[in-house]
Amino acid sequence: MLHVLSHPLANHWLAELRDAQTKPADFRRVLGSLSTALFLEASRDLTTVPRTVTTPLAETVGRALPASPVLIPILRAGLGMVEPILSLLPEARVCHLGMFRDHATLEPVSYYLPSAADIAGREAFVLDPMLGTGGSSIAALELVKSWGVRSLRLVCVLGSRPGVERVRAAHPDVPIYLAALDEQLSDIGYIVPGLGDAGDRQFGG
């Protein structure tokens with residue numbers, strides 16, 4: 001299922017990210033704000049269990065996560081989404097996944113795979129600012145599924161319609177969360193109008 005975030009602040013932040021004049025420091029800050037909003041939406045249906053707590057006045061029953069979720073940022077662009085989410089959930093497990101796109105074939109190439117020894121049975125979020133051709137997302141989702149996670153969500157700032165359709169065909173069971181959906185890809189696989197290369201925009205090239 002595709003979820004596109006509809007909120008005035010999300011629209012405001014996205015306009016800042018699209019602006020070619022936005023400096024890397026401001027880009028990182030705004031990406032963090034938007035990532036926080038997206039994660040709150042994507043985590044809306046996380047599993048919780050009852051937890052008895054004692055307030056200063058009485059005992060009551062609240063709700064708690066039975067296990068911390070797993071964040072899987074696709075390097076390097078996904079790095080900018082991690083820290084803001086960790087500020088909400090510091091106990092989350094982080095597994096960095098290294099991939100780059102071959103500019104000749106537009107297919108993903110893996111160069112770093114994390115250890116997944118303690119991930120089975122957890123709820124997981126793949127993080128990548130851009131869902132362009134969909135190749136990296138498809139490969140990442142396939143890998144994370146092989147780890148035996150309980151559930152899986154893909155969280156991106158911006159997606160292209162062709163890329164989203166490709167991911168949904170390959171992984172129809174994985175919800176996709178976006179701030180916006182653009183209609184086109186360029187001949188080299190960039191989202192149009194998009195916001196450029198999210199990694200370069202964050203880190204200055």
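The values are calculated or read from the model by the stated rules, or taken from the named source; none is laboratory data. All values derive from a computational prediction rather than experimental measurement. Cβ: placed from backbone, ideal geometry, glycine included. Neighbour counts: every protein chain shown. What goes into the accessible areas is simple: the full protein's heavy atoms, side chains included, and nothing from ligands, DNA or RNA. Shrake-Rupley method; radii C 1.70, N 1.55, O 1.52, S 1.80 Å.
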Report summary line: Scanning segment 61-99 for residues that are open to solvent by 30 Å² or more (accessible area, probe 1.4 Å), part of a loop (DSSP other than H, G, I, E, B) and under 19 Å from residue 133 (Cβ atoms) gives 76
Report task. Would you tally the residues in segment 1-25 being of a type in the set (Asp, Glu) and open to solvent by less than 60 Å² (accessible area, probe 1.4 Å)? Result -> 1
Report summary line: Of the residues in segment 1-57 that are over 19 Å from the mean Cα position of the chain (by Cα) and in a strand (DSSP E or B), the one that is farthest from residue 198 (Cα to Cα) is 54
Report task. Considering every residue within segment 38-48, establish whether at least one is within 22 Å of residue 182 (Cα to Cα), among the charged types (D, E, K, R) and at pLDDT 95 or above. Result -> yes
